[in-house]
Amino acid sequence: AVEAAAGMAETVGSALNITLHPLVVINISDHFTRAKAQGGGETVPRVFGAVLGEQTGRHVELANSFEMKVSQAGDAVALDLDYLKLRLEQYKKTFPRYDMLGWYSTAASVQPGDLEIHQQLCEVNESMLYLALDPVAALAGGRELPIIVHETEVAIVNDTPTMRLSKISYKVDSIESERIAVDHVAHILPSGDSNSSSALAQHMGGQYTAISMLSERIDVIRRYLRAVANKQVPTDHALLRQIKSLCSRLPALDSTGFREEFLQEQNNALLITYISTITKGIGAANEVVDKFNVAFDKHSRRRGIF
C-alpha cells in the first residue's frame, strides 16, 4: 500500500507544461484580502479554493478559480465536497471546457494535512495540482511571484512507497482582456483610490478634457455672436471674419463619405454599449440563478424526498 506523507520534495522536472493565468492569482489574492479584512487584521485563517482550467495532452492551462467551503479546527481542515461538486456543475454549464485541475491555499510551503486534503480532492480528478501562495512574501513586495505549484509523486522512502508533493515549474501567460484588467488593477491603491491611472483611463480622460474645452469655446463664440446681434457689445469685424472663416470649413465635412464613416463609428460605439449591457444582465441573471439553486437545495433538504 502507498503511504501518505506530508513531506515535500525538491523541484523536479515534470512531464506537464503548466501555464498560469493572472486571473487565478487575482482571485486568490482577493480571497485572502477579504478573509483578512473580515478577521479584523488579526490572525488570518488559511483560505482554500479550486483551480479550473483546460488540459490538452501535456499542456495544462490554469485559467480560473473559486472558493471552497471548509471548516477548520486547529490544523484539521474538513472540505464540503457536496458544495464543491455543486459549484463545479454550475461552472461546467458556463465553461464546458474547464475542469477542476487543482486546488489552492495560502501557505509558505506544504503544511501538515495538505496531503490528506489533496487525496480527498483526487476523487474529483486523479491528477490534481496544488498551488500555494505565500501572503507574507506577497506583502513584502518581492519581484518573484509568491506562488509554488506542486504535483504528487511516489518516492521510495525507507523501502516504502511514499506519496509526497513536489514543486514543479510553470510559466505565466495572459490573453488581451487579462492584460487590460491586470494593468488597471495594478494602478489601484489599497485604499481604493488611484494616483496614477491605467493607459485606458488616461486616454479616456484626455478625450473628455479635449471635448469639454471644445464645447466651452463654442459656447463662448455663440454667446459673443448673440451679444453682437443684440447690440450689447461693439462689432469687431476682424473677429467676425475669423469666425466666418472657421465656420466655412464645416461644410467640407458634410459629404457622403463622412456621413457613412461617422454613422459606422456611432453604430460600433452603440454596439459595444449594448454588448456590455447584455453581459452585465447575463451576469446578474447567473447570480440570481446561483442563489436560487442554493436556496432551493436547502429547501429540498428540509422537506425531504417524497
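The values are calculated or read from the model by the stated rules, or taken from the named source; none is laboratory data. This one's a predicted model, so the numbers in the text were calculated from it and none came from an experiment. So basically every Cβ, Gly included, is an ideal-geometry build from the backbone, and we count neighbours across all protein chains shown. Side chains included, ligands, DNA and RNA excluded: accessible areas come from the protein's heavy atoms. Shrake-Rupley method; radii C 1.70, N 1.55, O 1.52, S 1.80 Å.
Compared with the alpha-carbon gap, the fully stretched path from Ile156 to His59 is longer by 32.2 nm at 0.36 nm per residue.
For the range 82-160, the Stokes-Einstein estimate of translational diffusion at 25 °C and a viscosity of 0.890 mPa s comes to 168 µm²/s, using the Kirkwood hydrodynamic radius over alpha-carbon pairs. Highest mean first, the peptides 81-92, 106-117, 266-277 sorted by other C-beta atoms within 10 Å per residue fall in the order 106-117, 81-92, 266-277.
Given a 1.4 Å probe and the protein chains as shown, Phe66 ends up with an accessible area of around 10 Å². Between Lys92 and Ala284, the simple spin-label model (points 7 angstrom out along Cα→Cβ) gives 3.0 nm.
Between the range 144-176 and the range 204-251, the alpha-carbon centres lie 69 Å apart. In this simple spin-label approximation, Arg223 and Met204 carry label points 7 Å from Cα along the Cα→Cβ vector, and these lie 3.0 nm apart. Where the centroid of each part is defined by its Cα atoms, how far is the range 107-129 from the range 54-102 in Å? Going from one Cα centre to the other spans 12 Å.
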